[in-house]
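Beneath this line is the structure, given in structure tokens, with notes to follow.
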Amino acid sequence: MVVDIRTENGRGEGAMRHRVLVLAMTALLASCTPTPPPSTARLPPGAFGGNGDNDIWAINTAEWAFASPARTRGNPIDAIRAVLAIEYLAGELSTSPRWDFMSRLTKLEMLEARQEVRATLGIAENAPSQAVANALLALSLNPTPAAADVLLKPPVFTLSPAETLTRIENLPYLQMANIASLHAGQQEFPNGSSTCFVC
């Protein structure tokens with residue numbers, strides 16, 4: 001029996017193209033599958049000592065604090081509020097309709113900033129944001145070793161309370177926190193008033 005090689009090759013190439021197409025469609029559908037929203041904390045009005053608009057105060061607090069470690073060094077209240085601001089904004093910017101106009105890149109940067117800050121302070125990567133925020137907010141009202149012993153506990157905080165408090169009071173330069181808060185600050189207002197050219 002004579003086999004037409006061109007026909008067999010044609011079938012093989014067609015099957016290969018079909019498999020590649022199926023794989024490509026599967027990958028495309030997977031990328032379109034909605035991902036769950038990031039863990040998001042809710043805070044009482046005035047959590048950052050402002051007029052009640054936590055979002056704007058959090059952005060301004062983080063932008064100021066993470067521009068230079070010297071700004072919060074030895075000042076536990078400002079340092080705790082800065083950490084709380086990043087924790088809060090990472091969820092808030094990605095879930096609140098108020099910030100639909102903000103660049104997706106900036107929102108992703110803020111999520112990375114939260115990971116960076118958590119890693120620096122020994123906060124569990126998978127800790128619920130509300131649990132982290134509750135502890136930080138309470139600590140900001142009473143930033144003492146005694147309060148830290150009560151508030152900064154496992155499984156949310158993985159280091160000793162004393163070590164966590166020391167790290168908060170001596171925050172290093174955190175690049176992603178600086179970049180994310182800077183970009184968020186440049187996009188506080190809608191309608192094209194952003195001055196951010198790279199976000």
Q) Which is modelled with pLDDT under 95 and more than 21 Å from A124 (Cβ to Cβ), of A58, A65, A70, A24? A) A24
Q: State whether the residues of the range 189-199 include one that is in contact with a Leu (Cβ under 7 Å, 6 or more places away or on another chain), at pLDDT below 95 and under 22 Å from N60 (Cβ atoms).
A: yes
Q. If only one of T72, T106 is in contact with a His (Cβ under 8 Å, 6 or more places away or on another chain) and crowded, with 20+ Cβ neighbours inside 10 Å, which one is it?
A. T106
Q.
Looking at the structure I just gave you, is E125 among the acidic types (D, E) and either crowded, with 18+ Cβ neighbours inside 10 Å or in contact (Cβ under 8 Å) with a residue 24 or more places away in the chain (or both)?
A. no
(Q) So S160 ticks every box in (1) within 23 Å of P190 (Cα to Cα); (2) hydroxyl-bearing (S, T, Y); (3) free of Cβ contacts under 8 Å to residues at least 40 places away in the same chain but one. Which box is left unticked? (A) (1)
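Residue by residue, here is whether (1) within 19 Å of W57 (Cα to Cα); (2) among the aliphatic types (A, V, I, L, M); (3) not assigned by TED's automatic domain parsing to the domain that holds G74 holds:
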{"position": "F101", "(1), (2), (3)": "yes, no, no"}
{"position": "R104", "(1), (2), (3)": "no, no, no"}
{"position": "E112", "(1), (2), (3)": "no, no, no"}
{"position": "T120", "(1), (2), (3)": "no, no, no"}
{"position": "A147", "(1), (2), (3)": "no, yes, no"}
{"position": "V150", "(1), (2), (3)": "no, yes, no"}
Q: Just need a number here: residues in the range 52-73 that are of a type in the set (S, T, N, Q), part of a loop (DSSP other than H, G, I, E, B) and either under 20 Å from L165 (Cβ atoms) or not assigned by TED's automatic domain parsing to the domain that holds W99 (or both).
A: 1
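The values are calculated or read from the model by the stated rules, or taken from the named source; none is laboratory data. The structure displayed is predicted, hence computed values, not measured ones. In this analysis, Cβ positions are derived from the backbone assuming ideal geometry, glycine residues included, and neighbour counts consider all displayed protein chains.
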